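Remarks on the structure that follows.
The values are calculated or read from the model by the stated rules, or taken from the named source; none is laboratory data. Just so it is clear, the structure is predicted and the values come from calculations on it, not from any experiment. When we count neighbours, we look across all protein chains shown, and the Cβ atoms used for this are built from the backbone with ideal geometry, even at glycine. Surface areas here come from the heavy atoms of the whole protein model, side chains and all, with no ligands, DNA or RNA. Shrake-Rupley method; radii C 1.70, N 1.55, O 1.52, S 1.80 Å.
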Amino acid sequence: MPMLRRTAALCAALLILAGCGYPQDGNGAPSRTADSAGRRAGATWRYDYAGKNTNAAFADIAAASADDAWAVAKSPVTGWVDNQETHLFHYDGKSWRPYALPPPLRRLDELPYVRLDASGPGDVWLFAGILTNPTRSHPPLAAHWDGKTWQSVDLPQGFPQAVAGAAVFGPDDAWVVDGSDTARHFDGQQWHAVPLPAKAQSLAGTSGQDLWAVGSSGPTREHQAQPAAMRWDGSTWTEATLPAMPPGPRDDPHFGELTRAVALSAHDVRAFGYVTSEGADGDADVYSAGLALRWDGSRWRKEGGVPCCVTGRTEGALFLSPKRYLAPSGRQERIAQPACLPGRSGKLGEGGCGQKLQLQDYSTIPGTRDVWGVGSVRGPAAPSRPVIVRLTAVP
């Protein structure tokens, strides 16, 4: 986009997106209560931010600390989106505010896929690229926030256009995967390509010395693609043994993939994906099911009763949808929808006002039991209104 046009568009976008900064609940007060009969009441999302733009949505969030967090929004998200713009927001401990794109990030409008990850104060990574038809005029972008400024980071040739999974443990220890059998590792100075035993879609770990990557192995001439999990012990990637997949006849091979990993602790790692079969003629699925696995510190086993697949995670909680999450105790907790935003249509529907909360990412607020969710509210009165919501998770 030409500079004058991009600058004008940015100014207009900041005015449009600078919406309502809803007050937070005081001192992170729990959002759970009990009714008069003593029954457990569900957690409730509360608005921390709601933009006035009716065709935008937040896509990702990363919290470095309780007073330093970043979020990315896109607009437009419905209709003609070829000229979609990226908007950066910053949380300073008091409120969420639009943050004008600094020079290292001004290419974001050219790169629709953006991912944020952080390990702590002064260590936030941003990766941006395109999902389809990459060209030489749109190389991927990586930038690092050191607590004061954003700085671009040089990328080697062949760096992923779209980062599927990332794990950041410090300024000199970051990993990314892109669905291939090569991971990239940043050692504080440069990125290095590291071969993997299988293809990886997601990363999860408790430290740079204990990291898991999940995805799929194969396919080969004899076998269809199979779920795969690999472990990094600080020096080597090793593929782990997984439980056997459902049996099938020779002419009806099953295949599958793990698409998300969550590390709740070194001895409690979850992996989620699917297993399916196309049948003998390959025309239609004859079998398809979610797959949930759990590492208990010594082996992987199938996890019965755990819904597949999680849509997001925070420390100690697995979010199944904006309406439910899985507490560390294994109990499913319901989440009530937030109050209706101003300008509702008056029609009955979800929340009594026809509005529906859709969340794309979640982040624990460091030092608290509070959780942020980012996405949008959709309804008859607004196709997509960008929001950041918060709740207090049950321990």
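General remarks:
- Modelled FRET efficiency - R0 56 Å, ASP67 with THR276, Cβ distances, 0.05 increments: 0.80
- The stretch 82-123, dipole about Cα centre (Lys/Arg Cβ +1, Asp/Glu Cβ -1), debye to the nearest 20: 180
- Put the Cα centre of the stretch 58-86 next to the Cα centre of the stretch 188-204 and the gap is 25 Å.
- The slack between THR368 and SER298, meaning 0.36 nm per residue of separation minus the straight C-alpha distance, is 22.2 nm.
- With all protein chains kept in place, the per residue accessible area of the stretch 46-147 amounts to 40 square angstrom at a probe of 1.4 angstrom.
- For GLN189 and ARG97, a Förster radius of 30 Å and the Cβ-Cβ distance give a FRET efficiency of 0.35, rounded to the nearest 0.05.
- Cross-link table LYS148/LYS323; LYS94/LYS199; LYS74/LYS302; LYS94/LYS302; LYS302/LYS323; LYS148/LYS199, entries beyond 32 Å C-alpha to C-alpha: LYS148/LYS323; LYS94/LYS199; LYS74/LYS302; LYS94/LYS302; LYS148/LYS199
- Cα shape, the stretch 129-228, gyration tensor, a/c 1.5 rule: oblate
- Full extension of the chain segment joining ALA327 with THR238 gains 29.0 nm, where the gain is 0.36 nm per residue of separation less the Cα-Cα distance.
- Nearest-0.05 FRET efficiency for TRP80 and GLN209, computed from C-beta distance (R0 35 Å): 0.15
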